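The values are calculated or read from the model by the stated rules, or taken from the named source; none is laboratory data. Source: prediction; values computed, not measured. Because the Cβ atoms are built from the backbone with ideal geometry, glycine has one as well, and the counts that use them run over all protein chains shown. Note: areas computed on protein heavy atoms with side chains; ligands, DNA, RNA excluded. Shrake-Rupley method; radii C 1.70, N 1.55, O 1.52, S 1.80 Å.
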Amino acid sequence: MTLRHHRYACFATLAALAVPALAACGGSGSGTASSGGKPVIGVDYPRSDTDFWNSYIKYTPQYAKELGLDLKTTNSQNDVAKLTANAQTFISQGVKGVAMAPQDTAAIAPTLAQMEAKKIPVVTVDTRPDTGKVYMVVRADNRAYGEKACQYLGTKLGGKGKVVMLQGDLSSINGRDRTEAFNDCMKTNYPGIKVFGEATNWDGAVAAQKLQTDLTAHPDIKGVYMQSSFALAGTLQVLKQKGLLVDPKNKKHVFVVSNDGIPEELKDIGAGKIDATVSQPADLYAKYALYYLKAAIDGKTFKPGKTDHDSTIIQARPGLLEDQLSAPLVTSDGGTYGGVSSLKSDDTSLWGNNLG
(Lines give C-alpha, C1' and ligand atoms only; values in the text may rest on other atoms or scores of the structure.)
Protein backbone atom coordinates (compact mmCIF):
# COMPACT_ATOMS: atom_id res chain seq x y z
CA MET A 1 0.00 0.00 0.00
CA THR A 2 1.35 3.45 -0.87
CA LEU A 3 1.83 5.89 2.02
CA ARG A 4 -0.81 8.55 2.03
CA HIS A 5 -0.11 12.09 3.17
CA HIS A 6 -2.73 14.36 4.67
CA ARG A 7 -2.80 17.82 6.13
CA TYR A 8 -4.78 19.14 9.02
CA ALA A 9 -4.07 22.01 11.35
CA CYS A 10 -4.71 20.37 14.74
CA PHE A 11 -1.90 17.86 14.38
CA ALA A 12 0.77 19.78 12.54
CA THR A 13 3.64 17.70 13.86
CA LEU A 14 2.24 14.71 12.03
CA ALA A 15 1.67 16.49 8.75
CA ALA A 16 3.80 13.97 6.89
CA LEU A 17 1.81 11.00 8.17
CA ALA A 18 -1.73 9.80 7.51
CA VAL A 19 -3.93 9.95 10.62
CA PRO A 20 -7.32 8.60 11.71
CA ALA A 21 -10.17 10.86 10.71
CA LEU A 22 -11.83 10.55 14.10
CA ALA A 23 -8.89 11.68 16.22
CA ALA A 24 -9.84 14.20 18.87
CA CYS A 25 -7.33 17.00 18.49
CA GLY A 26 -7.48 18.30 22.05
CA GLY A 27 -4.96 17.54 24.76
CA SER A 28 -1.58 18.87 25.70
CA GLY A 29 1.90 17.66 24.89
CA SER A 30 2.55 16.38 28.37
CA GLY A 31 5.16 13.71 27.63
CA THR A 32 8.58 14.25 29.17
CA ALA A 33 11.19 14.60 26.46
CA SER A 34 14.74 13.32 26.21
CA SER A 35 17.67 15.71 26.53
CA GLY A 36 17.39 16.30 22.80
CA GLY A 37 13.76 17.41 23.09
CA LYS A 38 12.31 14.15 21.79
CA PRO A 39 9.99 11.86 23.77
CA VAL A 40 11.71 8.56 24.60
CA ILE A 41 9.71 5.47 23.65
CA GLY A 42 10.49 1.77 23.77
CA VAL A 43 9.79 -0.77 21.03
CA ASP A 44 10.16 -4.47 21.68
CA TYR A 45 10.65 -6.48 18.51
CA PRO A 46 8.98 -9.88 18.92
CA ARG A 47 11.49 -11.83 16.86
CA SER A 48 14.06 -11.45 14.08
CA ASP A 49 13.93 -14.89 12.46
CA THR A 50 11.31 -14.13 9.80
CA ASP A 51 11.34 -11.84 6.78
CA PHE A 52 8.12 -10.21 7.93
CA TRP A 53 9.41 -9.14 11.34
CA ASN A 54 12.78 -8.15 9.94
CA SER A 55 10.90 -5.81 7.61
CA TYR A 56 9.01 -4.36 10.59
CA ILE A 57 12.34 -3.84 12.35
CA LYS A 58 13.66 -2.01 9.30
CA TYR A 59 10.69 0.35 9.09
CA THR A 60 10.54 1.28 12.80
CA PRO A 61 13.54 3.68 13.02
CA GLN A 62 12.37 5.37 9.81
CA TYR A 63 9.01 6.29 11.30
CA ALA A 64 10.47 7.15 14.70
CA LYS A 65 12.62 9.76 12.97
CA GLU A 66 9.65 11.15 11.02
CA LEU A 67 7.61 11.46 14.21
CA GLY A 68 10.40 13.01 16.24
CA LEU A 69 10.70 10.15 18.72
CA ASP A 70 13.80 8.93 20.55
CA LEU A 71 13.83 5.17 20.14
CA LYS A 72 14.93 2.44 22.56
CA THR A 73 14.63 -1.13 21.28
CA THR A 74 14.78 -4.70 22.57
CA ASN A 75 14.05 -8.12 21.07
CA SER A 76 12.05 -10.69 23.05
CA GLN A 77 12.72 -13.54 20.57
CA ASN A 78 9.22 -15.02 20.84
CA ASP A 79 9.67 -15.49 24.61
CA VAL A 80 7.18 -13.84 26.98
CA ALA A 81 9.68 -14.04 29.86
CA LYS A 82 12.15 -12.00 27.81
CA LEU A 83 9.39 -9.57 26.91
CA THR A 84 8.61 -9.11 30.59
CA ALA A 85 12.29 -8.46 31.35
CA ASN A 86 12.55 -6.05 28.42
CA ALA A 87 9.56 -4.13 29.76
CA GLN A 88 11.40 -3.71 33.05
CA THR A 89 14.35 -2.33 31.12
CA PHE A 90 12.13 0.21 29.42
CA ILE A 91 10.68 1.29 32.76
CA SER A 92 14.18 1.80 34.17
CA GLN A 93 15.07 3.87 31.10
CA GLY A 94 12.16 6.20 31.78
CA VAL A 95 10.35 5.66 28.48
CA LYS A 96 7.07 7.52 27.93
CA GLY A 97 5.41 4.74 25.93
CA VAL A 98 6.01 1.19 24.75
CA ALA A 99 5.12 -0.70 21.57
CA MET A 100 5.20 -4.48 21.73
CA ALA A 101 3.92 -7.49 19.82
CA PRO A 102 3.30 -10.19 22.46
CA GLN A 103 3.16 -13.60 20.80
CA ASP A 104 1.57 -15.17 23.90
CA THR A 105 -1.46 -12.93 24.24
CA ALA A 106 -2.58 -14.36 27.59
CA ALA A 107 0.70 -14.32 29.52
CA ILE A 108 1.39 -10.63 28.88
CA ALA A 109 -1.41 -9.46 31.24
CA PRO A 110 0.76 -8.84 34.37
CA THR A 111 3.21 -6.74 32.37
CA LEU A 112 0.40 -4.65 30.95
CA ALA A 113 -1.00 -4.13 34.46
CA GLN A 114 2.40 -2.89 35.63
CA MET A 115 2.67 -0.49 32.72
CA GLU A 116 -0.82 0.82 33.43
CA ALA A 117 0.03 1.37 37.10
CA LYS A 118 3.06 3.43 36.07
CA LYS A 119 0.97 5.37 33.54
CA ILE A 120 3.10 4.21 30.61
CA PRO A 121 0.87 3.85 27.54
CA VAL A 122 1.25 0.65 25.54
CA VAL A 123 0.43 -0.03 21.90
CA THR A 124 0.37 -3.67 20.83
CA VAL A 125 1.22 -4.52 17.26
CA ASP A 126 -0.11 -7.51 15.29
CA THR A 127 -1.64 -9.10 18.39
CA ARG A 128 -4.40 -8.16 20.81
CA PRO A 129 -3.89 -9.10 24.48
CA ASP A 130 -6.50 -11.48 25.86
CA THR A 131 -6.87 -9.29 28.95
CA GLY A 132 -5.43 -6.00 30.13
CA LYS A 133 -5.52 -2.43 28.92
CA VAL A 134 -3.53 -0.88 26.10
CA TYR A 135 -3.85 2.52 24.46
CA MET A 136 -4.40 1.02 21.00
CA VAL A 137 -4.05 -2.29 19.19
CA VAL A 138 -2.57 -2.00 15.69
CA ARG A 139 -3.26 -5.08 13.60
CA ALA A 140 -5.23 -6.26 10.63
CA ASP A 141 -8.46 -8.26 10.78
CA ASN A 142 -6.98 -11.72 11.28
CA ARG A 143 -10.34 -13.42 10.83
CA ALA A 144 -10.39 -11.88 7.36
CA TYR A 145 -7.04 -13.59 6.69
CA GLY A 146 -8.60 -17.00 7.26
CA GLU A 147 -11.71 -16.13 5.28
CA LYS A 148 -9.74 -14.83 2.29
CA ALA A 149 -7.56 -17.95 2.22
CA CYS A 150 -10.68 -20.12 2.45
CA GLN A 151 -12.46 -18.34 -0.39
CA TYR A 152 -9.41 -18.57 -2.63
CA LEU A 153 -8.81 -22.28 -2.02
CA GLY A 154 -12.51 -23.10 -2.07
CA THR A 155 -12.86 -21.45 -5.47
CA LYS A 156 -9.73 -23.05 -6.94
CA LEU A 157 -10.74 -26.53 -5.72
CA GLY A 158 -14.30 -26.15 -6.94
CA GLY A 159 -15.63 -26.80 -3.44
CA LYS A 160 -14.27 -30.36 -3.25
CA GLY A 161 -11.13 -32.08 -2.03
CA LYS A 162 -8.66 -31.90 0.84
CA VAL A 163 -6.51 -29.09 2.22
CA VAL A 164 -3.94 -28.75 4.99
CA MET A 165 -4.00 -25.73 7.28
CA LEU A 166 -0.58 -25.09 8.85
CA GLN A 167 -1.69 -23.19 11.94
CA GLY A 168 0.41 -20.78 13.92
CA ASP A 169 0.23 -20.92 17.69
CA LEU A 170 -3.20 -21.24 19.27
CA SER A 171 -1.94 -19.41 22.38
CA SER A 172 -1.86 -16.38 20.07
CA ILE A 173 -5.08 -14.61 19.14
CA ASN A 174 -3.78 -14.47 15.57
CA GLY A 175 -3.50 -18.23 15.36
CA ARG A 176 -6.95 -18.64 16.87
CA ASP A 177 -8.58 -16.02 14.65
CA ARG A 178 -7.11 -17.38 11.42
CA THR A 179 -7.90 -20.97 12.34
CA GLU A 180 -11.48 -20.35 13.44
CA ALA A 181 -12.30 -18.15 10.47
CA PHE A 182 -10.84 -20.59 7.94
CA ASN A 183 -12.73 -23.52 9.46
CA ASP A 184 -16.00 -21.57 9.76
CA CYS A 185 -15.76 -20.38 6.16
CA MET A 186 -15.07 -23.89 4.86
CA LYS A 187 -17.97 -25.41 6.80
CA THR A 188 -20.36 -22.72 5.60
CA ASN A 189 -19.28 -22.25 1.99
CA TYR A 190 -17.35 -25.37 0.99
CA PRO A 191 -18.61 -28.34 3.04
CA GLY A 192 -17.18 -30.70 0.42
CA ILE A 193 -13.63 -29.76 1.40
CA LYS A 194 -11.94 -31.64 4.25
CA VAL A 195 -9.48 -29.60 6.32
CA PHE A 196 -6.51 -31.13 8.12
CA GLY A 197 -5.55 -28.63 10.83
CA GLU A 198 -1.95 -28.86 12.02
CA ALA A 199 -0.65 -26.86 14.99
CA THR A 200 2.93 -25.70 14.35
CA ASN A 201 3.73 -23.05 17.00
CA TRP A 202 4.93 -20.80 14.14
CA ASP A 203 7.80 -23.26 13.61
CA GLY A 204 8.76 -23.89 9.99
CA ALA A 205 10.41 -27.27 10.65
CA VAL A 206 7.33 -28.54 12.48
CA ALA A 207 5.11 -27.29 9.66
CA ALA A 208 7.18 -29.06 7.00
CA GLN A 209 7.19 -32.34 8.93
CA LYS A 210 3.43 -32.29 9.43
CA LEU A 211 2.76 -31.36 5.82
CA GLN A 212 4.95 -34.24 4.66
CA THR A 213 3.06 -36.65 6.94
CA ASP A 214 -0.31 -35.44 5.64
CA LEU A 215 0.73 -35.69 1.99
CA THR A 216 2.04 -39.21 2.55
CA ALA A 217 -1.22 -40.31 4.16
CA HIS A 218 -3.41 -38.33 1.75
CA PRO A 219 -1.64 -37.91 -1.61
CA ASP A 220 -4.79 -36.35 -3.07
CA ILE A 221 -4.41 -33.17 -0.96
CA LYS A 222 -4.80 -30.20 -3.30
CA GLY A 223 -4.48 -27.16 -1.07
CA VAL A 224 -2.28 -25.72 1.68
CA TYR A 225 -3.03 -22.70 3.85
CA MET A 226 0.05 -21.42 5.68
CA GLN A 227 -0.95 -18.98 8.40
CA SER A 228 2.35 -17.14 7.98
CA SER A 229 5.38 -17.12 5.71
CA PHE A 230 7.30 -18.98 8.44
CA ALA A 231 6.26 -22.17 6.61
CA LEU A 232 7.11 -21.01 3.08
CA ALA A 233 10.54 -22.58 2.55
CA GLY A 234 9.59 -25.89 4.15
CA THR A 235 6.34 -26.16 2.23
CA LEU A 236 8.05 -25.59 -1.11
CA GLN A 237 10.73 -28.14 -0.22
CA VAL A 238 8.17 -30.80 0.67
CA LEU A 239 6.17 -30.18 -2.50
CA LYS A 240 9.33 -30.37 -4.59
CA GLN A 241 10.40 -33.65 -2.96
CA LYS A 242 7.03 -35.15 -3.80
CA GLY A 243 7.03 -33.90 -7.39
CA LEU A 244 4.16 -31.51 -6.69
CA LEU A 245 5.94 -28.20 -7.18
CA VAL A 246 4.60 -27.79 -10.70
CA ASP A 247 2.97 -25.09 -12.82
CA PRO A 248 -0.55 -24.09 -11.73
CA LYS A 249 -1.91 -25.40 -15.03
CA ASN A 250 -0.55 -28.88 -14.26
CA LYS A 251 -3.20 -31.18 -12.77
CA LYS A 252 -0.69 -32.22 -10.06
CA HIS A 253 -0.43 -28.65 -8.78
CA VAL A 254 -1.17 -28.06 -5.10
CA PHE A 255 -2.65 -24.63 -4.46
CA VAL A 256 -0.81 -22.75 -1.70
CA VAL A 257 -1.99 -19.65 0.14
CA SER A 258 0.22 -17.83 2.64
CA ASN A 259 -0.03 -14.80 4.94
CA ASP A 260 2.41 -11.88 5.19
CA GLY A 261 3.18 -10.46 1.76
CA ILE A 262 6.95 -10.64 2.06
CA PRO A 263 8.98 -10.10 -1.14
CA GLU A 264 9.73 -13.83 -1.47
CA GLU A 265 6.01 -14.68 -1.47
CA LEU A 266 5.29 -12.11 -4.16
CA LYS A 267 8.11 -13.48 -6.31
CA ASP A 268 6.89 -17.04 -5.77
CA ILE A 269 3.38 -16.10 -6.85
CA GLY A 270 4.79 -14.57 -10.02
CA ALA A 271 6.82 -17.74 -10.63
CA GLY A 272 3.83 -20.03 -10.04
CA LYS A 273 5.35 -21.69 -6.97
CA ILE A 274 2.58 -20.51 -4.66
CA ASP A 275 -0.75 -19.05 -5.62
CA ALA A 276 -1.79 -16.34 -3.18
CA THR A 277 -0.99 -14.53 0.03
CA VAL A 278 -2.62 -11.96 2.29
CA SER A 279 -0.35 -8.93 2.54
CA GLN A 280 0.06 -8.10 6.22
CA PRO A 281 1.27 -4.47 6.35
CA ALA A 282 4.70 -4.54 8.02
CA ASP A 283 5.29 -0.91 7.05
CA LEU A 284 1.99 0.33 8.45
CA TYR A 285 2.38 -1.71 11.63
CA ALA A 286 5.56 0.24 12.35
CA LYS A 287 4.09 3.53 11.21
CA TYR A 288 0.91 3.44 13.25
CA ALA A 289 2.38 1.81 16.36
CA LEU A 290 4.62 4.86 16.71
CA TYR A 291 1.91 7.27 15.60
CA TYR A 292 -0.39 6.08 18.40
CA LEU A 293 2.40 6.22 20.99
CA LYS A 294 3.05 9.83 19.98
CA ALA A 295 -0.68 10.50 20.20
CA ALA A 296 -0.83 8.95 23.68
CA ILE A 297 2.04 11.11 24.89
CA ASP A 298 0.28 14.17 23.45
CA GLY A 299 -2.98 13.30 25.24
CA LYS A 300 -5.00 12.49 22.14
CA THR A 301 -8.06 10.26 22.17
CA PHE A 302 -9.78 8.14 19.52
CA LYS A 303 -13.19 6.68 18.84
CA PRO A 304 -14.44 3.70 16.79
CA GLY A 305 -15.03 4.42 13.11
CA LYS A 306 -13.44 4.73 9.70
CA THR A 307 -10.04 6.36 9.37
CA ASP A 308 -8.55 8.21 6.43
CA HIS A 309 -5.80 5.60 6.01
CA ASP A 310 -8.11 2.87 4.68
CA SER A 311 -8.75 1.18 8.02
CA THR A 312 -11.39 0.96 10.72
CA ILE A 313 -11.00 1.50 14.45
CA ILE A 314 -13.20 -0.98 16.30
CA GLN A 315 -13.94 -1.50 19.97
CA ALA A 316 -12.51 -4.98 20.42
CA ARG A 317 -13.90 -5.16 23.94
CA PRO A 318 -15.00 -2.54 26.49
CA GLY A 319 -12.22 0.00 26.86
CA LEU A 320 -10.01 -1.48 24.14
CA LEU A 321 -9.70 0.03 20.66
CA GLU A 322 -8.12 -1.67 17.67
CA ASP A 323 -7.11 -0.05 14.40
CA GLN A 324 -7.64 -2.76 11.79
CA LEU A 325 -5.35 -1.92 8.88
CA SER A 326 -5.99 -3.05 5.34
CA ALA A 327 -4.54 -6.45 4.32
CA PRO A 328 -5.40 -7.35 0.71
CA LEU A 329 -5.48 -10.77 -0.91
CA VAL A 330 -2.69 -11.04 -3.49
CA THR A 331 -2.82 -13.36 -6.51
CA SER A 332 -1.16 -13.79 -9.89
CA ASP A 333 -4.12 -12.39 -11.84
CA GLY A 334 -5.70 -9.87 -9.49
CA GLY A 335 -9.01 -11.71 -9.79
CA THR A 336 -11.98 -12.06 -7.47
CA TYR A 337 -12.41 -15.29 -5.54
CA GLY A 338 -15.55 -16.14 -3.62
CA GLY A 339 -16.43 -12.45 -3.62
CA VAL A 340 -12.95 -11.44 -2.39
CA SER A 341 -11.08 -9.08 -4.70
CA SER A 342 -7.30 -9.29 -4.97
CA LEU A 343 -4.26 -7.36 -6.11
CA LYS A 344 -1.73 -8.69 -8.60
CA SER A 345 1.54 -9.82 -7.09
CA ASP A 346 3.48 -7.13 -8.97
CA ASP A 347 1.26 -4.29 -7.75
CA THR A 348 3.53 -1.42 -6.73
CA SER A 349 1.29 -0.46 -3.81
CA LEU A 350 2.33 -3.62 -1.92
CA TRP A 351 5.04 -3.00 0.68
CA GLY A 352 6.74 -6.25 -0.32
CA ASN A 353 7.46 -4.72 -3.74
CA ASN A 354 8.98 -1.57 -2.26
CA LEU A 355 11.77 -2.75 0.02
CA GLY A 356 15.13 -1.28 -0.87
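So the values come out like this:
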read-out: Residues that are part of a helix (DSSP H, G or I), crowded, with 18+ Cβ neighbours inside 10 Å and of a type outside the set (D, E, K, R), drawn from the range 174-219; value: N174, G175, T179, A181, F182, C185, M186, G204, A207, A208, L211, L215
read-out: Residue in the range 107-125 that is more than 15 Å from L320 (Cβ to Cβ), surrounded by 17 or more Cβ atoms within 10 Å (Cβ to Cβ), touching a Ser or Thr at 6+ places or on another chain (Cβ under 6 Å) and modelled with pLDDT of 95 or more present; value: yes
read-out: Selection from the range 191-227 of residues that are at pLDDT 95 or above and among the aromatic types (F, W, Y); value: F196, Y225
read-out: Failed item in (1) out of contact with any helix residue (DSSP H, G or I) (no Cβ under 8 Å at 6 or more places or on another chain); (2) modelled with pLDDT under 95, with F230 passing the rest; value: (1)
read-out: Long-range neighbours under 9 Å by Cβ, at least six apart or interchain, first residue in a loop (DSSP other than H, G, I, E, B) and at pLDDT 95 or above within the range 244-264, second of a type in the set (D, E) and open to solvent by 60 Å² or more (accessible area, probe 1.4 Å); value: H253/D247; I262/D51
read-out: Residues being over 21 Å from Y56 (Cα atoms), part of a loop (DSSP other than H, G, I, E, B) and either open to solvent by less than 40 Å² (accessible area, probe 1.4 Å) or among the β-branched types (V, I, T) (or both) - total across the range 126-151; value: 2
read-out: Tally, over the range 269-291, of residues that are under 17 Å from A233 (Cβ atoms), of a type in the set (A, V, I, L, M) and either open to solvent by 10 Å² or more (accessible area, probe 1.4 Å) or not in a loop (DSSP other than H, G, I, E, B) (or both); value: 2
read-out: Subset of the range 223-235 (residues that are open to solvent by 10 Å² or more (accessible area, probe 1.4 Å) and either in contact with a Leu (Cβ under 6 Å, 6 or more places away or on another chain) or among the small types (G, A, S) (or both)); value: S228, S229, A233, G234
read-out: Count - residues of the range 336-353 that are surrounded by 14 or more Cβ atoms within 10 Å (Cβ to Cβ) and part of a loop (DSSP other than H, G, I, E, B); value: 5
read-out: Leading residue by the ranking (nearest to V123 (Cα to Cα)) among those in the range 311-333 that are in contact with a strand residue (DSSP E or B) (Cβ under 8 Å, 6 or more places away or on another chain) and loosely packed, with under 15 Cβ neighbours inside 10 Å; value: Q315
read-out: Qualifying residue in the range 292-305 (condition: buried (at least 24 other Cβ atoms within 10 Å of the Cβ) and at positive phi); value: no
read-out: In the range 50-72, the residues that are outside any strand (DSSP E or B) and either closer than 18 Å to S229 by Cα or open to solvent by 70 Å² or more (accessible area, probe 1.4 Å) (or both); value: T50, D51, F52, W53, N54, S55, Y56, I57, K58, Q62, K65, E66
